[in-house]
1. Of everything in region 266-304, what is free of Cβ contacts under 8 Å to residues at least 24 places away in the same chain, among the hydrophobic types (A, V, I, L, M, F, W, C) and closer than 22 Å to residue 237 by Cβ? Give them in sequence order.
2. Inside region 179-204, can you point out the residues that are closer than 16 Å to residue 158 by Cα and not hydrophobic (A, V, I, L, M, F, W, C)?
3. Output the helices (runs of 4 or more DSSP H) that fall wholly within region 152-232 and possess 3 or more residues being more than 30 Å from residue 305 (Cα to Cα), or say none.
4. Just to be sure I understand, how many residues within region 189-216 are away from ligand 1 (no atom under 16 Å from the Cβ), farther than 30 Å from residue 279 by Cα, of a type in the set (A, V, I, L, M, F, W, C) and surrounded by fewer than 24 Cβ atoms within 10 Å (Cβ to Cβ)?
5. Report the residue count in region 83-110 for those that are within 21 Å of residue 141 (Cα to Cα) and more than 19 Å from the chain's Cα centre (by Cα).
6. If you check 24, 80, which single one turns out to be within 16 Å of ligand 2 (Cβ to nearest atom), over 23 Å from residue 215 (Cα atoms) and either of a type outside the set (Ser, Thr, Tyr) or within 17 Å of the chain's Cα centre (by Cα) (or both)?
7. Among (1) under 20 Å from residue 159 (Cα atoms); (2) surrounded by fewer than 20 Cβ atoms within 10 Å (Cβ to Cβ), where does residue 76 come up short?
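Every read-out reported here was derived from the displayed coordinates using simple, explicitly stated rules and does not represent laboratory data. Source: prediction; values computed, not measured. Positions of Cβ are backbone-derived with ideal geometry, glycine not excepted, and every protein chain shown enters the neighbour counts.
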Amino acid sequence: MTAPLVDIADLVIGYDTGMRQVRALDGASLRIDEDETLAIVGESGSGKTTLGMAAGRLLPPEAKVIGGSIHVAGVDVTRADDEALRRLRHDKLGFVFQNPTTALDPTLRIGRQVALAMGGRPPPEAIAELLSRAELNESERILRAFPHELSGGMAQRVVIAMAIARRPHLLIADEPTASLDASIREKVMSTLGRLRAESGASLVILSHDLRMVARHADRVAVMYGGRIVELGSVTRVMQAPAHPYTRALLTAAAGNERPGERLCPIPGTPPILESRCEACAYADRCAFRETRCDTERPEARPFLGREVVCHRAEAVIGAPTQARQEDR
Ligand SMILES: Nc1ncnc2c1ncn2[C@@H]1O[C@H](COP(=O)(O)OP(=O)(O)OP(=O)(O)O)[C@@H](O)[C@H]1O
Ligand SMILES: [Mg+2]
C-alpha cells in the first residue's frame with residue numbers, strides 16, 4: 001500500500017492569545033489520498049483553516065503545535081527544516097484563499113504576478129495558455145490589468161491559475177467562492193475541479209457550506225471542536241449521516257445566504273476549547289445526547305463504511321427522517 005499524500009495524526013494546535021490558549025485542533029486525524037477531492041466542512045471556528053494551513057506550516061507565530069504529526073508528500077512537516085519546507089511549499093502545494101484581492105499584490109500588474117508564480121520569465125504563450133486553462137479569455141487585457149481592475153470572479157481565476165502554475169500535488173482552497181456572487185460560485189468551483197482532475201492533484205476544499213461542496217467532492221470530512229467527527233464518501237455521508245452534527249448541518253437550510261455570509265443555523269454555539277475536551281464537544285447541542293456523552297470522549301471508529309466520532313451513531317442513523325426537523 002502506498003503512503004497517503006497527507007497523513008495528519010492526532011494533531012493538537014493551540015493559539016496563545018496572551019490571556020489564555022485557544023485549542024483550535026483537539027486531536028484531528030485525517031488522511032488524504034492522491035488524486036481525490038476532499039471537502040472539509042464545519043461552522044466558523046471548527047478549525048478548518050488551522051488544519052489547512054498546518055499542512056504547509058503556514059500558521060501565524062502565536063500558533064503552537066502541542067501534539068500529533070503532519071506528513072505531506074513524505075515530508076514530516078512539524079520537524080522539517082526551513083529548506084525542506086520551502087521546497088514542499090514551492091514544489092508540492094498550492095493555496096487558494098477566500099478573498100482573491102488580498103491574495104494578489106495590488107501594486108503589480110497581473111502579468112508580472114502570473115509570471116512570478118510560473119517561476120520567472122515564461123514565454124507569453126505559456127502565460128496565455130495557463131490563463132485559458134483557468135477559463136480566462138482576453139488574456140492580453142487581463143495581463144496588463146492591476147488586481148482592482150478585475151471582477152472578483154476573474155481575480156479568483158487568476159489566483160487559481162497561479163496556484164496550479166507549478167503543478168502542485170495538493171491544492172488547498174479555503175472558502176474559495178465565499179466572497180463571490182452566487183451566480184459565479186458554481187462555475188469557479190467547476191473550473192477548480194476540472195483543473196484538479198486534469199493534473200491528477202488532490203484538492204481540499206474548506207467550507208461551511210456542506211451542500212455546495214458535496215457537489216464537487218469525492219469525500220467529506222465534517223469538523224467540530226477541532227476534530228474530524230465524520231469522514232466518508234459524499235454519497236454515504238449525505239444520504240445517511242451518522243454524526244448528529246452532520247445531520248444538523250444537512251437539515252439546516254442552505255443556499256439562501258448572501259455572498260460571504262457565514263451560516264450558523266444550528267441552535268447553540270460551537271465550543272471554544274482551552275484544554276483537551278474530555279467529553280463529546282457536541283453534547284450540549286445534541287438531540288441524541290445521553291449520559292456518557294458528558295463523561296466519555298468519543299474516539300474515531302469505523303461505522304457503516306465511514307469513520308465517526310460519536311457514541312450514538314447507531315441511534316442517529318436509525319432515526320426517522322422526520323426527526324431531523326426536530327434536531328434543529
Ligand atoms: N490567530 C489566532 N489567534 C487566536 N485564536 C485563533 C487564531 N486563529 C484562529 N483562532 C481560533 O481557533 C479556532 C479555530 O479557528 P479556525 O480559523 O481554524 O476555524 P475555521 O473553521 O477556519 O473558521 P471560519 O469558518 O470562521 O474560517 C477558533 O476558535 C478561532 O477563534
Ligand atoms: Mg477559516
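1. Those that are free of Cβ contacts under 8 Å to residues at least 24 places away in the same chain, among the hydrophobic types (A, V, I, L, M, F, W, C) and closer than 22 Å to residue 237 by Cβ: 283, 293.
2. 179, 185, 187, 190, 191, 193, 194, 196
3. Because the criterion is at least 3 residues that are more than 30 Å from residue 305 (Cα to Cα), the helices (runs of 4 or more DSSP H) in region 152-232 that meet it are 152-164, 182-199.
4. 4
5. 8
6. Answer to the check: 24.
7. Only one criterion is unmet by residue 76, namely (1).
Each row is one residue, and each column tells you yes or no for (1) outside any loop (DSSP other than H, G, I, E, B); (2) away from ligand 1 (no atom under 11 Å from the Cβ); (3) in contact (Cβ under 8 Å) with a residue 40 or more places away in the chain.
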residue: 29; (1), (2), (3): yes, yes, yes
residue: 34; (1), (2), (3): no, yes, yes
residue: 46; (1), (2), (3): no, no, yes
residue: 56; (1), (2), (3): no, yes, yes
residue: 66; (1), (2), (3): yes, yes, yes
